[in-house]
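No value in this document is a laboratory result; all are computed from the given coordinates. Just so it is clear, the structure is predicted and the values come from calculations on it, not from any experiment. Cβ placement follows ideal geometry from the backbone for every residue including glycine, while neighbour counts extend to all protein chains displayed.
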Amino acid sequence: MTLSAKQQLRLRAKSVEFRLPLRLEKAAVKVVPGLRSDPWLPGERELGVIFTHVPKSAGTSIVDSLFGQKSRHVPILRYAAHDEQRFAESFKFTFVRNPWSRIHSAYHYLHRVVGKGDKFVDWTWATHYLSDVPTFEEFILRLRDPRYLREVKRYAHFRDQMDWISIPGRGGGVMDFIGRFESLDADFQNVCDRLGLRDLSLPQLRAGTGQDYRKAFTAEMVDIVGDIYQRDIRALGYDF
């Protein structure tokens, strides 16, 4: 099973969005069908917030708890392009994750759906790109191939986290609060306190591997991922 030409084109088009300066993104959201829809969830509008869901950083549970809705992945850039005034007035927050832990989680999440069919793009993408890398180590070593790496990093689950939470051409961060997967409960409570919300808890909607990611890495694998995610590591202050 392979990605259709239409699916490949769509993934490449979505990848371009992350590199657009704000003025071009503003133009794009007016004419590109996939970008026209309102990025704000109803719950975000009600609370006056923007939550940027970085894939594989507990966002599904956070959206369910705060808004009682299904999550989706929308870069912070698109909010600013749709309504700059509302963007400026909103409390903007996100959660991030150690890059080595995140890629370990993303690989296993997607590898579980290899060969399941074409009902969801995750299933098709995983079958197309992960069928011949049956182990995590083989996957990481395969990322030494620049062409394979380029295709993998276009996909939402493997993009730099900074792609989701920054605006091209703007110096400094745009988020008001960056929580950590590693201190999820405490940081989620911090968000709730800022929003005046009480008695909320985080459901576990996506089961992890249950493994210590560090045991899955050789020294070579640590270096490969460190090189791939230099931007996140520097900006977010992570190490292996």
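Worth a mention:
- Residues of the stretch 28-43 with amide N under 15 Å of the 7 Å Cα→Cβ point at R10: 33-37
- A straight Cα-to-Cα reach below 18 Å connects K6 with the aspartates and glutamates E17, D118, D122, E151, residues fewer than 8 places away in its own chain not being considered.
- Sites D132 and D64 - FRET efficiency at Förster radius 30 Å, r taken between beta-carbons, to 0.05: 0.30
- Residues E151, E220, ranked from the fewest to the most other C-beta atoms within 10 Å, line up as E220, E151.
- One decimal place: the segment D185-E46 gains 47.7 nm when fully extended, by the rule 0.36 nm per residue minus the C-alpha distance.
- Taking θ as phi - 60° and the Karplus parameters 6.51, -1.76 and 1.60, the scalar couplings of the stretch 103-115 work out to 5, 5, 5, 5, 4, 5, 4, 6, 5, 5, 9, 4, x Hz in sequence order, x denoting glycine and proline.
- Near G179, the amide H atoms lying under 5 Å from its own belong to T94, F95, V96; only residues 5 or more places off or on other chains count, and H is placed 1.01 Å from N.
- Quarter of Cα convex hull surface for the stretch 124-224, i.e. mean projection, nm²: 9.5 nm²
- In the structure shown, the pairs K70/K153; K92/K215; K56/K116 are assessed against 26 Å; a Cα-Cα span above that value is assigned to K92/K215.
- Shape analysis of the stretch 134-175 yields a ratio of the Cα radius of gyration to the Kirkwood radius, Rg/Rh, of 1.13.
- H53 long-range amide H proximity, modeled H, under 5 Å: V74
- For the stretch 5-236, dividing the convex hull volume of the Cα atoms by the residue count gives 135 Å³ per residue.
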